[in-house]
Amino acid sequence: MTSNPTPTDLEELQASALRELEQAASSEAIEQWRVAYLGRRGRLTQVLRGLSSLAPDERRTAGAAANRVKAVLEERLAGAEENVRLGRLQAIAEEGRIDVTLPGRHVPVGRLHPTTQMVREICDAFASMGFQVVEGPEVEWDYYNFEMLNIPKDHPARDMWDTLWIDHVDAQGERPMLLRTHTSPMQVRTMQNAEPPVRVVVPGKCYRYEATDATHEWHFYQVEGLAVDEGITFADMKGTLYEFARLIFGSERKVRFRVDFFPFVEPGAEMAIDCFVCKGGGCNVCKGTGWIEILGAGMVNPTVLEGVGYDSSRYTGFAFGMGVERIAMLKYGIDDIRLFYGNDLRFLQQF
Ligand code: YSA
């Protein structure tokens with residue numbers, strides 16, 4: 001064919017191509033046909049290449065016609081390949097080589113990470129008691145992580161949180177940014193953006209400049225809780241946390257509150273449950289005490305309430321913070337926190 005194809009040339013090319021394709025009964029014959037017409041040196045490909053030497057008007061008309069032929073040939077090619085495939089399957093079936101009684105092939109299905117499952121279970125427990133779920137930033141200002149929580153600069157209480165600082169220095173030459181060491185800064189952010197009553201839980205990742213061991217990771221998850229309203233008492237806090245422990249660990253578990261110190265609560269408490277291994281008798285999991293600490297809590301310090309503009313003579317509240325992996329360890333009897341982030345499917349597939 002010349003480099004200036006007429007409509008008749010193209011019709012003839014299409015007709016002869018389709019005739020030949022009908023004769024092609026095997027995959028090999030179909031492939032030969034494809035190379036002959038649509039391959040790099042195929043007849044239709046040559047036509048398309050030749051179009052570049054035509055005047056623009058002619059090129060447009062001839063190009064459209066050639067592309068229509070190409071679309072027809074490609075469609076018929078796909079149909080012919082499918083027919084050969086079906087024919088092959090039918091032949092196999094007729095020979096009786098498909099055993100429909102064989103079990104199917106296992107398709108691996110993904111699942112949620114155990115930490116994610118535990119976060120959701122904890123949040124569901126508090127949602128059932130009327131708490132909203134909110135989230136906040138992992139890169140945080142010193143202002144929210146410490147100062148607004150009644151932990152001023154150079155205060156020894158900062159030593160309770162080994163901090164990873166962000167390499168950003170402000171005009172005063174101070175490092176005001178960090179990776180949050182706990183979810184407590186969200187107490188302040190939440191109160192700054194809402195009037196009481198407030199009831200929130202905050203799941204999220206925290207970071208500490210700590211050496212890892214069986215119960216410590218340098219990154220881990222916490223769930224924070226905060227409730228502020230008129231007339232909230234320590235008894236409300238105990239009742240809420242008892243109910244939480246019952247929902248997560250079952251009604252047989254015993255709960256213990258003891259005095260603890262956090263600068264942002266007054267009074268402060270730690271909550272422990274009786275050891276799941278020895279049931280309170282004392283063993284090496286609970287270090288002989290019979291109890292395992294699961295969270296820190298307390299009544300929100302009036303200084304924190306006043307800092308966000310709440311009237312502390314009118315409003316009171318409680319707050320708490322728990323380690324998610326530690327709760328999962330207690331619930332499922334996991335003896336090393338590092339298993340959570342070792343990416344070992346043998347561990348992860350158990351949940
Ligand atoms: C206390 C009082 C409140 O009113 C509100 C919150 C809190 C908790 C406080 N913000 C806090 O972070 N306390 S904590 O340092 O003792 O950590 C709380 C929980 O996080 C621990 O009980 C533990 O379960 C978990 N945790 C702490 N460091 C961890 C860790 N989990 C894994 N690896 C670590 N390195």
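Checking every one of the trypsin sites (Lys or Arg not before Pro) in the range 132-194 against DSSP loop status and a limit of 13 other Cβ atoms within 10 Å picks out Lys153. The DSSP beta bridges internal to the chain are antiparallel in roughly 95% of cases. Would you compute the Debye intensity of the chain from its alpha-carbon atoms alone, equal scatterers and no solvent, and pass along log10 I(q)/I(0) at q = 0.13 Å⁻¹ to two decimals? For the chain at q = 0.13 Å⁻¹, log10 I(q)/I(0) is -1.00.
Spatial offset of the range 241-273 relative to the range 19-34 amounts to 77 Å, using the alpha carbon center of each.
Per residue, the accessible area of the chain comes to 56 Å², computed with a 1.4 Å probe over protein heavy atoms only. As a length-normalised measure over Cα pairs under 8 Å and 6 or more apart, the relative contact order of the range 102-187 settles at 28 percent.
With charges only on Cβ, +1 for K and R and -1 for D and E, what is the dipole size of the chain about its Cα centre, in debye, rounded to 20? Mind dumping the intermediate values first?
On the way: 38 positive and 50 negative charges, 200 e Å.
Using Cβ point charges on Lys, Arg, Asp and Glu, the chain gives about 960 debye.
For Gly280, the residues whose amide H sits under 5 Å from its own are Cys275, ignoring neighbours fewer than 5 places away on the same chain, with H placed 1.01 Å from N.
Packing here is the average count of other Cβ atoms within 10 Å per residue, and on that basis the peptides 230-239, 49-58, 259-268, highest first, run 259-268, 230-239, 49-58.
Eigenvalues of the alpha-carbon gyration tensor of the range 121-250, scaled by 5 and square-rooted, set the equivalent ellipsoid semi-axes at 28, 19, 13 angstrom, largest first. Among all the aspartates and glutamates, which ones have a C-alpha under 15 Å from Lys331's C-alpha, if same-chain residues fewer than 8 places away are not counted? Of all the aspartates and glutamates, those that pass the test against Lys331 - Cα under 15 Å, at least 8 places apart if same chain - are Glu121, Glu252, Asp274, Glu293. With helices as the sole contributors, the chain gives -12500 deg cm²/dmol at 222 nm; each DSSP H run of n ≥ 4 counts as -39500 (n - 2.57), and the sum is divided by every residue.
For the range 161-221, which GluC sites (Glu not before Pro) pass both filters: DSSP loop (anything but H, G, I, E, B) and at most 12 other C-beta atoms within 10 Å? List each step's numbers first, then the result.
Values: sites: Glu174, Glu210, Glu217; in loops: Glu174, Glu210, Glu217.
Answer in residue order: Glu174.
When the Cα convex hull of the range 150-207 is projected onto planes of every orientation, the mean area is 5.3 nm².
Determine one quarter of the surface area of the Cα convex hull of the range 258-351, which equals its mean projected area, and express it in nm² to one decimal. Before the final figure, lay out the partial values.
Values: hull surface 32.8 nm².
One quarter of the hull surface, i.e. the mean projection, equals 8.2 nm².
Among the chymotrypsin sites (Phe, Trp or Tyr not before Pro) found in the range 122-168, not one is both in a DSSP coil and sparsely packed, with 11 or fewer other Cβ atoms within 10 Å of its Cβ. So if I take the centroid of the Cα atoms in the range 67-142 and the same for the range 279-301, what is the distance between those two points in Å? One Cα centre to the other: 44 Å.
Which value, in debye to the nearest 20, describes the size of the charge dipole of the range 1-111 about its Cα centre when Lys and Arg Cβ atoms bear +1, Asp and Glu Cβ atoms bear -1, and nothing else is charged?
Numbers: 16 positive and 16 negative charges, 110 e Å.
Here the size comes out at about 540 debye.
The values are calculated or read from the model by the stated rules, or taken from the named source; none is laboratory data. Since this is a predicted model, take the numbers as computed values, not measurements. Reconstructed Cβ throughout: ideal geometry from the backbone, glycine too, with neighbour counts over all protein chains shown. The area values use the complete protein model at the heavy-atom level, side chains included, leaving out ligands, DNA and RNA. Shrake-Rupley method; radii C 1.70, N 1.55, O 1.52, S 1.80 Å.
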